[in-house]
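A short worksheet on the structure shown next.
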Amino acid sequence: MADGPEALLLWIEALRKRYGAVEALRGVSLDIAAGELFVLLGGSGSGKTTLLRTIAGFERPDAGRILLRGEDVTALPPHRRPVNMMFQSYALFPHLKVAENIAYGLRRMGLGRAERDAKVERLLDLVRLTGLGDRRPDTLSGGQRQRVALARALAREPALLLLDEPLSALDRSLREETREELAALQRRLGMAFVLVTHDQEEALTMASRIGVMRDGLLVQVGTPRELYEQPADRELATFIGGANVLAAEVQVAAPDAVLLVPGITKLVRAATEAPADGQIWLALRPERLRLGADGANVAEGVLEGISYRGDVVTRTVRLPDGSALRATTAASDGAEPRPGDALALSWSPDACILLRA
């Protein structure tokens, strides 16, 4: 974003954090506007949770600074920041009732009993737990405990809510339902959320913007569409959406690239300019490939495997040079090719994503 730190909710500048020989954050800079649902996405050890804990104040950076609403909070302890954090484990007090868990922070703020009770009731209604205030956490489902933790995190009305893998403890069907509820709640409140996850689908479906972390660095920040359609490098193309990636040699760089790809007989045409340094990567999303040889670009090989997932089918085609292409298409009632059959795949020039080698 182009705005300066005073105009943004959160401004992070060149953060560094080391644990012994491991540099968990390597000069991370980031800005987040009010009302964003920003997702930090990355694998284990990428630095995403360290960054979240540093924003919250639980970790002190070795270098860099953090501004919240234009105020430098780098040296402030967690309780003096307008930030709250919802932990992966939920960290509910097992001996307290649901309402008492939610009211815990309000009591420490000095709110009177009547005001506290009224706010707890509003929060229970907000997270769809009306009538469950007298229950203890161990009598609730995983999804209900998650909502109690969310209500407690919202109770003090922070300027920024941090969520560390909030859906990881839920089973798949409940996780999908809960992420929709969480995103809808964030939009309704208009509060900025920063959510950490390793789940690409979760990030793509929830985020207004995503920051992808790898080895202590932010390798790309953008909208879900930007990251999916314009990944910064080969690793990101395969990490988000599982693109097919093939080595390619540029024959014509501009205005539309023409590529020589081992394993593909005909030259591949792309609807974009290519780097002029010769060797690049060609990335193709599985859902952009079609069965048959009726497209502008065609690859021919042998069907190696078929994976059925209800309404879609993913087929793996082995090319003559040993590389493979995965194509995901809608399931049909027609005759299906079998493993070992010859199979052609085609795609349009605008399906080509070109990445520097």
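The values are calculated or read from the model by the stated rules, or taken from the named source; none is laboratory data. Here the structure is a predicted model, which is why all the values come from computation and not from measurement. Counting neighbours? That spans all protein chains shown, and the Cβs are built from the backbone with ideal geometry, glycine included.
Give just the number: which of (1) more than 21 Å from Ala155 (Cα to Cα); (2) surrounded by 15 or more Cβ atoms within 10 Å (Cβ to Cβ); (3) of a type in the set (A, V, I, L, M, F, W, C); (4) touching a residue at least 40 places away in the same chain (Cβ under 8 Å) does Ile55 not satisfy?
Condition not satisfied by Ile55: (1).
So Pro166 fits all but one of (1) touching a residue at least 40 places away in the same chain (Cβ under 8 Å); (2) of a type outside the set (Ser, Thr, Tyr); (3) over 22 Å from Ala192 (Cα atoms); what number is the exception?
(3)
Of the conditions (1) at pLDDT 90 or above; (2) surrounded by fewer than 17 Cβ atoms within 10 Å (Cβ to Cβ), Gly64 clears all except one; give me its number.
Going through (1) at pLDDT 90 or above; (2) surrounded by fewer than 17 Cβ atoms within 10 Å (Cβ to Cβ) one by one, Gly64 breaks only (2).
Could you list, in sequence order, all residues of the stretch 216-251 that are part of a strand (DSSP E or B), of a type in the set (Val, Ile, Thr), closer than 22 Å to Leu319 by Cβ and without any contact (Cβ under 8 Å) to a residue 60 or more places away in the chain? Outline the logic, then answer.
Looking only at the stretch 216-251, we keep the residues that are part of a strand (DSSP E or B), and these are 217-222, 244-251.
Adding the requirement that they be of a type in the set (Val, Ile, Thr) leaves 219, 221, 245, 250.
Now restrict to residues that are closer than 22 Å to Leu319 by Cβ: 245, 250.
Scanning the stretch 216-251 gives a single hit, Val250.
Would you confirm, using the coordinates I've provided, whether Arg128 is modelled with pLDDT under 90, touching an Asp or Glu at 6+ places or on another chain (Cβ under 8 Å) and exposed (fewer than 15 other Cβ atoms within 10 Å of the Cβ)? Before the answer, list the steps.
Numbers: modelled with pLDDT under 90: yes; touching an Asp or Glu at 6+ places or on another chain (Cβ under 8 Å): yes; exposed (fewer than 15 other Cβ atoms within 10 Å of the Cβ): yes.
In short, yes.
Go through (1) of a type outside the set (Ser, Thr, Tyr); (2) in a helix (DSSP H, G or I); (3) within 18 Å of Gly242 (Cα to Cα) for Met213 and report which single condition fails.
Here Met213 meets the rest and fails (2).
Please verify whether the stretch 162-185 includes one or more residues that are of a type in the set (A, V, I, L, M), surrounded by 23 or more Cβ atoms within 10 Å (Cβ to Cβ), at pLDDT 90 or above and under 18 Å from Leu92 (Cα atoms).
There is at least one residue in the stretch 162-185 that is of a type in the set (A, V, I, L, M), surrounded by 23 or more Cβ atoms within 10 Å (Cβ to Cβ), at pLDDT 90 or above and under 18 Å from Leu92 (Cα atoms).
Residue check, Ala248 against (1) of a type outside the set (Phe, Trp, Tyr); (2) assigned by TED's automatic domain parsing to the domain that holds Arg318; (3) within 29 Å of Asp215 (Cβ to Cβ); (4) surrounded by fewer than 17 Cβ atoms within 10 Å (Cβ to Cβ), all met but one. Which one?
It is condition (4) that Ala248 fails.
For the stretch 268-281, which positions are surrounded by 13 or more Cβ atoms within 10 Å (Cβ to Cβ) and in a loop (DSSP other than H, G, I, E, B)?
Going through the stretch 268-281, the residues surrounded by 13 or more Cβ atoms within 10 Å (Cβ to Cβ) turn out to be 268-275, 280-281.
Of everything in the stretch 268-281, those that are surrounded by 13 or more Cβ atoms within 10 Å (Cβ to Cβ) and in a loop (DSSP other than H, G, I, E, B) turn out to be Ala270, Ala271, Thr272, Glu273, Ala274, Pro275.
In the stretch 6-52, which residues are aromatic (Phe, Trp, Tyr) and either under 20 Å from Leu161 (Cβ atoms) or crowded, with 22+ Cβ neighbours inside 10 Å (or both)? Full working, then the answer.
Initial filter on the stretch 6-52 (aromatic (Phe, Trp, Tyr)): 11, 19, 38.
Residues satisfying the conditions are Trp11, Phe38.
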